[in-house]
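In what follows, a single structure is set out as structure tokens and then discussed.
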Amino acid sequence: MSEQLIFERSRSGRMAAAQVPTPASDDGIPAAMRRQDAPILPQVSELQAVRHYTRLSQQNFSIDTHFYPLGSCTMKYNPRICNSLALLPGFAGRHPLGPESHGQGFLACMYDLQEMLAAVTGMEEFSLTPMAGAQGELAGVAMIRAYHVANGNEERDEIIVPDAAHGTNPATATMCGCKVKEIATGPDGDVDIEALKATLGPNTAGIMLTNPSTLGVFERRIMEISELVHDAGGLLYYDGANLNAILGKARPGDMGFDVIHLNLHKTFSTPHGGGGPGSGAVGVGETLKPFLPVPVVGKGKRKGEDYYHWLTETELPQSIGRLSGFMGNAGVLLRAYVYMRLVGRDGMRRIAEFATLNANYLEKRLKEAGFELAFPARRASHEFIVTLKNEAKELQVNAMDFAKALLDKGFHAPTTYFPLLVPECLLIEPTESETKEMVDRFVDALVEIREEAKTDAEQVKGAPYTTPVRRLDDVKAARQLDLVWHPGAPSD
Amino acid sequence: MPYIPHTEDEVAAMLGRIGADSIDDLFDEIPTELLISELNGVPEALSEQEISRMMRTRAAQDHGALCFIGAGAYEHHIPAPVWDIATRGEFYSAYTPYQAEASQGTLQTIYEYQTMMASLTGMDVSNASLYDGASSLAEASLMAVRANRKSKSLRVLLAAGVNQIYQGVASAIAGEQGLTFDRLPVDVNSGSTDLGAPKEQGDAPVAVVIQQPSFLGTYEDVDTLTDWAHEQGALVIAIVNPTSLAVLNAPGDWGSNGADIACGEGQALGVPLSSGGPYFGIMACKEKIVRQMPGRIVGRTTDLDGNPGFTLTLQAREQHIRRTKATSNICTNQGLMVTAATIYMSLLGPAGLARVALTSQQQTTKLIDLLASIPGVEKAFDAPHFHEAVIRFDRPVAPVLEALAKRDVLGGLDLSQNYPELGNALLLCATETKTDEDLETYRSALADVLAQENMGDA
């Protein structure tokens, strides 16, 4: 089933000739600088390359081919038109340092996008430059730090993070030179308010929250939390990973958040691309406006017409600075912009509504089928958690086994073993894109796997059987590192 | 309803099963004072036809100029198969390959990419990419601090040819952890690092960063700088342009022992200019420090049946496992860009990439020879260049560029603000995409602009 490596198809002297220019001579590089050994790049025909990567693509599960209920990742349909319009020659060919006069079309899209993101989140202003969620987080925490330093409160360097948070939250706080104070989650899934009160103090810089949280429930006491943190002199950071759940229904800005990052590759449907590119636009309220990362797009008038221009360190001297070589993942931003315009004002609300409907329906069906919910007393947001601790104990088939067995049934697995505080968990997010019948079939698949486990646990533990490879030896991968192919190495 | 498949009957059936009267009931845990009834500031939906027309108009506004700007982002021909295949849904709409068995396509592609990138840079290993070139320097610097256990310093010293924007970005990201960045002076005659200037100001650096070719398109004496850095106990970080590595000495071969980490911008390998992104950051290193490398890494291993397969590995470095102790907060890489770059490198091969590099270099030589023939224009350096070069005008650069832009020639990057020591200097670039006719278009436009200005008609 497996595909040879491209290097193994290589023959010395073969070339995709239509793709290469012919230099006038072999001159131009000083002899002392000249490379002696050619790099290991494949020498294949165009057809060989096309066939190889087409065949490799067929070894992937993807949204376009499979239901992909990966919790916290919002794997919704990525409309094709968003891609084709972002790749129009005027956009794809525009140099990032081209003059504003030759970028008005692009800049207009970016300005409109900033405005729309501010409107849906209830924030004041946006910067689009962070290149992924984690970089948006970095920008957010850096702004919080810059604010405290600017106010003479250098000592405020503690960032409070709930134990259910994404790993990027504590990692980000550390990258910003802050200390992480982890607080517990109560048995109902909400933040433990007493733990929060005990943690707040004169060194508090702020708190990072995801709402709805990674436990798939809305933080009901958010207004109380907001007041407590602000009273203690801290600021509130909103991790936008789960914005899909409340889009057009409730806004982080109204909840008292001072800064927010959005994952445009989640909520606004830009492609996940096998692990990126993402885009982590950041929005701020009044307090943090001066600290936004640059560049930002501004709008003025020239000869009576709208004229868009860059705002840089000159206009925002207190900015935390630049996070990318140019202006961030522009092509991703264009795709998000097209998506937002296609969905429109009413469509935003429908996204949250139908994502929530699918999640609650799926949750109810699994509960009726006898699976244990992590928070049965709570309303699911756009995702929810099933714990398979009973199955693990009684049938010796754990969450990972269920995940792998799902692959054989034609479903990508939900997120497994996250959040860390729920044992043997599956975090399931169906998104608004999926039909009722697809959700029903997913329930059937989980029920079937459990039945199979009752009769033949070993069979389930050996899954998957139908994928290009079976379960892989991760321990060997880490101990006997094989990260690059070498000529003469054993072939596949 | 765009992109929502539910029929009315299905909604009723689903609500019935849930035991809710309406969809609004599903939001009953959100405090009522937070619920909004209408979303202002977002326009009504457009149809696919309407948005297409609008975007075509906007894209056309930005299209049609002849571009001679480089400065870290390069226009190269992108073979048609690259994005045809990269945007297949199976690559485009998949996510991080957490379920390895269902992601072998992405994983094997990354393994092949790692092999190509390690070989291009002359390093032992490569990761699956970072966000972009500028942020790759921030990550490489943080990595050097972790890896250089002999040094307590947080000072990173940059050769003169390091992109100033990269320095700013590295400072914004890594400065939060106390790293400082300063640079060696430029020799205004050669456009390279002034090796004669005293280098031992301040603490011994934890790392020395060398960009080759330099931001100004010239060559650094990488062997001397590398050996000097190692003598100081510093690690060497190379910033590379991957196209140039088809013909230039790889960082792994610099000096006596080679650079320790290579990073840089990968965009030139099949990624469109697209106003600055998405691009991807290169990160490769010597095997002995691989556990300090940030970002996703793919390894080859075997499955239950003993067959070879690919999986994410060394995950113990990463944020979802280590949380506060992770090597970086990075979560995504730039997977789709790496897929495109891998296809690009496969189509070109070693000889094709070398031809792209040589043709670009030669077109730039032709261009500056042509331009320097115009009165009031001269070459800034008496030194060889790769596919970018600096010219100098006898007058301020900005008005000249503006006048060229009106003639739909984007003439290059004005250096006079950031490199005042170079005078009225302009950085320009011609790649294999520029024909001799294009070069002549630039020459005649510039001659025209300068002549008009001389007559006071600019």
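The values are calculated or read from the model by the stated rules, or taken from the named source; none is laboratory data. Here the structure is a predicted model, which means the values were calculated and not measured. FYI the Cβ positions are ideal-geometry reconstructions off the backbone, even for glycines, and counts take in every protein chain you see.
I'm trying to understand the selection: among the residues of the stretch B:400-416, which are within 22 Å of A:Glu313 (Cα to Cα) and more than 11 Å from every other protein chain (Cβ to nearest Cβ)?
B:Leu415, B:Ser416
Just for helices (runs of 4 or more DSSP H) wholly inside the stretch B:1-108: which have at least 2 residues that are at the interface with chain A (Cβ under 7 Å from one of its Cβ atoms) and either more than 28 Å from A:Glu46 (Cα to Cα) or modelled with pLDDT under 95 (or both)?
Details: elements: B:8-18, B:48-61, B:80-86, B:89-92.
Ranges flagged: B:8-18, B:48-61.
Examine the stretch B:272-292 for a residue that is outside the structural domain of B:Thr433 (by TED's automatic domain parsing), without any contact (Cβ under 8 Å) to a residue 12 or more places away in the chain and either within 27 Å of B:Thr365 (Cβ to Cβ) or of a type in the set (Ser, Thr, Tyr) (or both), and state whether such a residue exists.
For the stretch B:272-292, residues outside the structural domain of B:Thr433 (by TED's automatic domain parsing), without any contact (Cβ under 8 Å) to a residue 12 or more places away in the chain and either within 27 Å of B:Thr365 (Cβ to Cβ) or of a type in the set (Ser, Thr, Tyr) (or both): present.
Would you check if B:Lys379 is free of Cβ contacts under 8 Å to residues at least 40 places away in the same chain, more than 9 Å from chain A (Cβ to nearest Cβ) and among the basic types (Lys, Arg)?
On the way: free of Cβ contacts under 8 Å to residues at least 40 places away in the same chain: yes; more than 9 Å from chain A (Cβ to nearest Cβ): yes; among the basic types (Lys, Arg): yes.
Here the answer is yes, as B:Lys379 does meet what is asked.
Have a look at A:Ile183, A:Ile159, A:Ile144 and point out the one that is surrounded by fewer than 24 Cβ atoms within 10 Å (Cβ to Cβ), in contact with a strand residue (DSSP E or B) (Cβ under 7 Å, 6 or more places away or on another chain) and among the hydrophobic types (A, V, I, L, M, F, W, C). Outline the logic, then answer.
Details: A:Ile159 fails: surrounded by fewer than 24 Cβ atoms within 10 Å (Cβ to Cβ); A:Ile144 fails: surrounded by fewer than 24 Cβ atoms within 10 Å (Cβ to Cβ).
After applying the criteria, what remains is A:Ile183.
Return the only residue of B:Thr342, B:Thr324, B:Thr301, B:Thr311 being in a helix (DSSP H, G or I) and over 23 Å from A:Asn83 (Cβ atoms). Break it down stepwise before answering.
Numbers: B:Thr342 fails: over 23 Å from A:Asn83 (Cβ atoms); B:Thr301 fails: in a helix (DSSP H, G or I); B:Thr311 fails: in a helix (DSSP H, G or I).
Going through B:Thr342, B:Thr324, B:Thr301, B:Thr311 in turn, the sole match is B:Thr324.
Just checking, how many residues over the stretch A:78-91 are touching a helix residue (DSSP H, G or I) at 6+ places or on another chain (Cβ under 6 Å) and either facing chain B (nearest Cβ under 7 Å) or surrounded by fewer than 18 Cβ atoms within 10 Å (Cβ to Cβ) (or both)? Can you show your working first?
Initial filter on the stretch A:78-91 (touching a helix residue (DSSP H, G or I) at 6+ places or on another chain (Cβ under 6 Å)): A:81-82, A:85-86, A:88, A:90-91.
So of that shortlist, the ones also either facing chain B (nearest Cβ under 7 Å) or surrounded by fewer than 18 Cβ atoms within 10 Å (Cβ to Cβ) (or both) come out as A:81, A:85, A:88, A:90-91.
Result for the stretch A:78-91: 5.
Which members of the stretch A:417-436 meet the condition of being surrounded by fewer than 21 Cβ atoms within 10 Å (Cβ to Cβ) and under 17 Å from the mean Cα position of the chain (by Cα)?
Across the stretch A:417-436, the qualifying residue is only A:Phe418.
I'd like the full set of residues that are over 17 Å from A:Pro162 (Cβ atoms) and part of a helix (DSSP H, G or I), limited to the stretch A:244-259.
A:Asn244, A:Gly253, A:Asp254 - these are the residues of the stretch A:244-259 that are over 17 Å from A:Pro162 (Cβ atoms) and part of a helix (DSSP H, G or I).
When the stretch B:325-349 is examined, which residues are found to be farther than 30 Å from A:Ala173 by Cα and either polar (S, T, N, Q) or surrounded by fewer than 24 Cβ atoms within 10 Å (Cβ to Cβ) (or both)? I'd like the intermediate steps shown before the answer.
Going through the stretch B:325-349, the residues farther than 30 Å from A:Ala173 by Cα turn out to be B:339-349.
The answer is B:Thr339, B:Thr342, B:Ser346.
Please enumerate the residues belonging to the stretch B:309-340 that are within 7 Å of another protein chain (Cβ to nearest Cβ) and under 12 Å from A:Gly276 (Cβ atoms).
Across the stretch B:309-340, the qualifying residues are B:Ile330, B:Cys331, B:Thr332, B:Asn333, B:Gln334, B:Gly335, B:Leu336, B:Met337, B:Thr339.
Among the residues of the stretch A:144-181, count how many are in contact with a Pro (Cβ under 9 Å, 6 or more places away or on another chain), part of a helix (DSSP H, G or I) and within 20 Å of A:Leu228 (Cα to Cα).
To start, the set of residues in the stretch A:144-181 that are in contact with a Pro (Cβ under 9 Å, 6 or more places away or on another chain) comprises A:146-147, A:150, A:153, A:155-156, A:159, A:161, A:163-166, A:169, A:180.
Checking the rest, the ones that are also part of a helix (DSSP H, G or I) come to A:146-147, A:150, A:169.
Next cut, within 20 Å of A:Leu228 (Cα to Cα) only: A:147.
Qualifying residue count for the region: 1.
Among the strands (runs of 3 or more DSSP E) contained in the stretch B:119-222, which hold 3 or more residues that are crowded, with 24+ Cβ neighbours inside 10 Å?
On the way: elements: B:155-158, B:180-183, B:207-212.
So the answer is B:155-158, B:207-212.
Could you check the stretch A:1-51 and list, in sequence order, the residues that are part of a loop (DSSP other than H, G, I, E, B) and aliphatic (A, V, I, L, M)? Can you show your working first?
Filtering the stretch A:1-51 for residues part of a loop (DSSP other than H, G, I, E, B) gives A:1-5, A:10-16, A:20-30, A:35-45.
Listed by number, the residues that qualify are A:Met1, A:Leu5, A:Met15, A:Ala16, A:Val20, A:Ala24, A:Ile29, A:Ala38, A:Ile40, A:Leu41, A:Val44.
Please work out if A:Thr455 is surrounded by fewer than 18 Cβ atoms within 10 Å (Cβ to Cβ), within 30 Å of A:Leu5 (Cβ to Cβ) and modelled with pLDDT of 95 or more. Please lay out each step first, then the result.
Working: surrounded by fewer than 18 Cβ atoms within 10 Å (Cβ to Cβ): yes; within 30 Å of A:Leu5 (Cβ to Cβ): no; modelled with pLDDT of 95 or more: yes.
The answer is no for A:Thr455.
Does B:Leu427 fit the bill of being outside the structural domain of B:Gly168 (by TED's automatic domain parsing) and either in a strand (DSSP E or B) or at positive phi (or both)?
yes
Can you tell me which condition A:Gly122 does not meet? The list is (1) surrounded by fewer than 24 Cβ atoms within 10 Å (Cβ to Cβ); (2) more than 17 Å from A:Leu235 (Cβ to Cβ); (3) touching a residue at least 60 places away in the same chain (Cβ under 8 Å), and all the others hold.
Going through the list (1) surrounded by fewer than 24 Cβ atoms within 10 Å (Cβ to Cβ); (2) more than 17 Å from A:Leu235 (Cβ to Cβ); (3) touching a residue at least 60 places away in the same chain (Cβ under 8 Å), A:Gly122 breaks only (2).
Within the stretch A:92-100, identify whether any single residue is among the charged types (D, E, K, R), more than 7 Å from chain B (Cβ to nearest Cβ), in a loop (DSSP other than H, G, I, E, B) and closer than 30 Å to B:Pro384 by Cα, and answer yes or no.
Initial filter on the stretch A:92-100 (among the charged types (D, E, K, R)): A:94, A:100.
Those still in the list that are more than 7 Å from chain B (Cβ to nearest Cβ) too: A:100.
Subset that is in a loop (DSSP other than H, G, I, E, B): none.
The answer is no; no qualifying residue exists.
Can you tell me which residues in the stretch A:226-237 are buried (at least 22 other Cβ atoms within 10 Å of the Cβ) and either free of Cβ contacts under 8 Å to residues at least 60 places away in the same chain or in a helix (DSSP H, G or I) (or both)?
Passing the criteria: A:Val229, A:Leu236.
Could you pull out the residue among B:Thr115, B:Thr106 that is without any contact (Cβ under 8 Å) to a residue 24 or more places away in the chain and assigned by TED's automatic domain parsing to the domain that holds B:Pro272?
Values: B:Thr106 fails: without any contact (Cβ under 8 Å) to a residue 24 or more places away in the chain.
The unique qualifying residue is B:Thr115.
For (1) in contact (Cβ under 8 Å) with a residue 60 or more places away in the chain; (2) surrounded by fewer than 24 Cβ atoms within 10 Å (Cβ to Cβ); (3) not assigned by TED's automatic domain parsing to the domain that holds B:Ala207, each residue gets a yes or a no:
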site	(1), (2), (3)
B:Val240	yes, no, no
B:Thr243	yes, no, no
B:Asp253	yes, yes, no
B:Asn257	no, yes, no
B:Ala268	yes, no, no
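What pairs come up if the first residue lies in the stretch A:19-48 and is touching a residue at least 12 places away in the same chain (Cβ under 8 Å) and more than 7 Å from chain B (Cβ to nearest Cβ), the second is surrounded by fewer than 18 Cβ atoms within 10 Å (Cβ to Cβ) and in a loop (DSSP other than H, G, I, E, B), and their beta carbons are under 7 Å apart, counting only those six or more places apart or on different chains?
A:Ser45/A:Arg14
Table: residues versus (1) under 19 Å from B:Tyr279 (Cβ atoms); (2) touching a residue at least 60 places away in the same chain (Cβ under 8 Å); (3) within 10 Å of chain A (Cβ to nearest Cβ).
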| position | (1), (2), (3) |
| --- | --- |
| B:Ile110 | yes, yes, yes |
| B:Gly122 | no, yes, yes |
| B:Asn127 | yes, yes, yes |
| B:Ser136 | yes, yes, yes |
| B:Ala144 | no, yes, no |
| B:Leu157 | no, yes, no |
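Since A:Lys266 meets every condition but one in (1) assigned to a strand (DSSP E or B); (2) touching a Cys at 6+ places or on another chain (Cβ under 8 Å), which condition does it not meet?
A:Lys266 satisfies all of (1) assigned to a strand (DSSP E or B); (2) touching a Cys at 6+ places or on another chain (Cβ under 8 Å) except (1).
Being within 7 Å of chain B (Cβ to nearest Cβ) and surrounded by 24 or more Cβ atoms within 10 Å (Cβ to Cβ) is the requirement here; does A:Met116 meet it?
Details: within 7 Å of chain B (Cβ to nearest Cβ): yes; surrounded by 24 or more Cβ atoms within 10 Å (Cβ to Cβ): no.
In short, no.
Quick one: is A:Met175 at pLDDT 95 or above and either closer than 21 Å to B:Asn333 by Cβ or in the same structural domain as A:Val259 (by TED's automatic domain parsing) (or both)? Step through it out loud before you land on a result.
On the way: at pLDDT 95 or above: no; either closer than 21 Å to B:Asn333 by Cβ or in the same structural domain as A:Val259 (by TED's automatic domain parsing) (or both): yes.
No, not satisfied.
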